[in-house]
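Take a look at the structure below.
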Amino acid sequence: MPFVTNKELLNKAMEHGYAMGAFNINNMELIQGIVEAAKELDAPLILQVSKGARAYAGRTYIMKLAEAALADSNLPIAVHLDHGPDFELCKAVIDDGFTSVMIDGSHFDFKENMAVTKKVVDYAHPKGVAVEGELGKLMGMQFDEGEGGAVSKDAVYTDPDEAKEFAEKTKCDALAVAIGTSHGAYKFKATPKLDIARLKVIREKVKIPLVLHGASSVLQDYVRICNDNGAEIHGSQGVPEDQIKKAVKAGVQKVNIDTDLRLALTAGIRRSLKEDPKNFDPRNYLGPARDLVKEVVMRKIKLLGCDGKADLFR
Ligand code: G3H
Ligand code: 13P
Ligand code: ZN
């Protein structure tokens, strides 16, 4: 099976009422852990690559690793650029063979964001590549100014009417929205709460699939393994799994996960090295770390309901 696009994967998810996990990749062990989980649960996959990941692995290696995932499985897989900062990088990865790109113009004003997104759409669509845009700003702690009610002064939640206009005018294939999530391991100080009411209004007005960035749950089992083995990741908090479920029910089709994979990989490495300080064979600590990545990805796939859905594409 050749690579598919996010458009195909997300439209199918919308049709059948489940969501896709979109998993960030940087190296071989992460990819293998993710693919093994998807194979075991027969789930379609989005492998996403940030600018930093592409620079870290190298553009040839990252593409070949994604191709290896495809060759090693009978799964529908999209290879997607995460947070493309400008037209030039979007164009470069499309030319490399990515089937989907995100143009992140969320730091621009509304008009400029629409203009750059449209420019990417105009390049991508004739080549059969799907485009994700973003409207609204995810920044910092989302509830850092009060008792679980106030929104971070840096965050700007997505306006439903603007979202409709943005989707219709740019013709992008998916839209990332800001409803209270944020990137990284320190998302909330007070009680985490997503703006599901706002999401429902956006869902009514916007016809294309919706995307949730910063959606890791910061699973405390893995944080604990890290901390028990020398890390100092204190006070971390993610989006609770029940809120992710509510967001999926309210109409999100793509859920971005990076931090939870980083935590799992780090937990595995730290625990193995602590248990056997004499070991210096990378296979003996990267192997168990890869197993924890697989465990986390299986948990996400089941949570989002995309297990067994690879068959919809065969
Ligand atoms: O949302 C951002 C992703 O977690 C990628 O992070 O730019 O450090 O690779 P990165
Ligand atoms: P997390 O940091 O919550 O994993 O979010 C990842 C993400 O949004 C990638 O684009
Ligand atoms: Zn993101």
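The values are calculated or read from the model by the stated rules, or taken from the named source; none is laboratory data. Here the structure is a predicted model, which means the values were calculated and not measured. Glycine gets a Cβ as well: all are built from the backbone with ideal geometry, and neighbour counts include every protein chain shown.
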**Request:** Go through (1) at pLDDT below 95; (2) in contact with a strand residue (DSSP E or B) (Cβ under 6 Å, 6 or more places away or on another chain) one by one and return the number of the condition residue 180 breaks.
**Result:** (2)
**Request:** Name the single residue, out of those in the range 211-227 being within 16 Å of ligand 3 (Cβ to nearest atom) and outside any loop (DSSP other than H, G, I, E, B), that is surrounded by the most Cβ atoms within 10 Å (Cβ to Cβ).
**Result:** 212
**Prompt:** Scanning for something away from ligand 3 (no atom under 16 Å from the Cβ) and within 21 Å of residue 133 (Cα to Cα), does the range 22-39 turn up at least one residue?
**Reply:** no
**Prompt:** Would the range 245-266 turn up any residue that is of a type in the set (Ser, Thr, Tyr), closer than 25 Å to residue 53 by Cα and away from ligand 1 (no atom under 16 Å from the Cβ)?
**Reply:** no
**Request:** Would you kindly identify the helices (runs of 4 or more DSSP H) lying entirely within the range 44-138 that contain at least 1 residues that are within 14 Å of the chain's Cα centre (by Cα)?
**Result:** 51-57
**Prompt:** Just wondering, is there one or more residues in the range 51-58 that are modelled with pLDDT under 95 and either surrounded by fewer than 18 Cβ atoms within 10 Å (Cβ to Cβ) or within 16 Å of ligand 1 (Cβ to nearest atom) (or both)?
**Reply:** no
**Prompt:** Restricting the first residue to the range 214-233 and requiring it to be within 20 Å of residue 48 (Cα to Cα), which pairs with a second residue that is of a type in the set (D, E, K, R) and surrounded by fewer than 22 Cβ atoms within 10 Å (Cβ to Cβ) meet a Cβ separation below 8 Å and a spacing of at least six or different chains?
**Reply:** 217/241
**Item:** Breaking point among (1) away from ligand 3 (no atom under 16 Å from the Cβ); (2) in a helix (DSSP H, G or I), for residue 4
**Value:** (2)
**Item:** Only one of 208, 202, 269 that is away from ligand 3 (no atom under 16 Å from the Cβ), within 28 Å of residue 80 (Cα to Cα) and not in a helix (DSSP H, G or I)
**Value:** 208
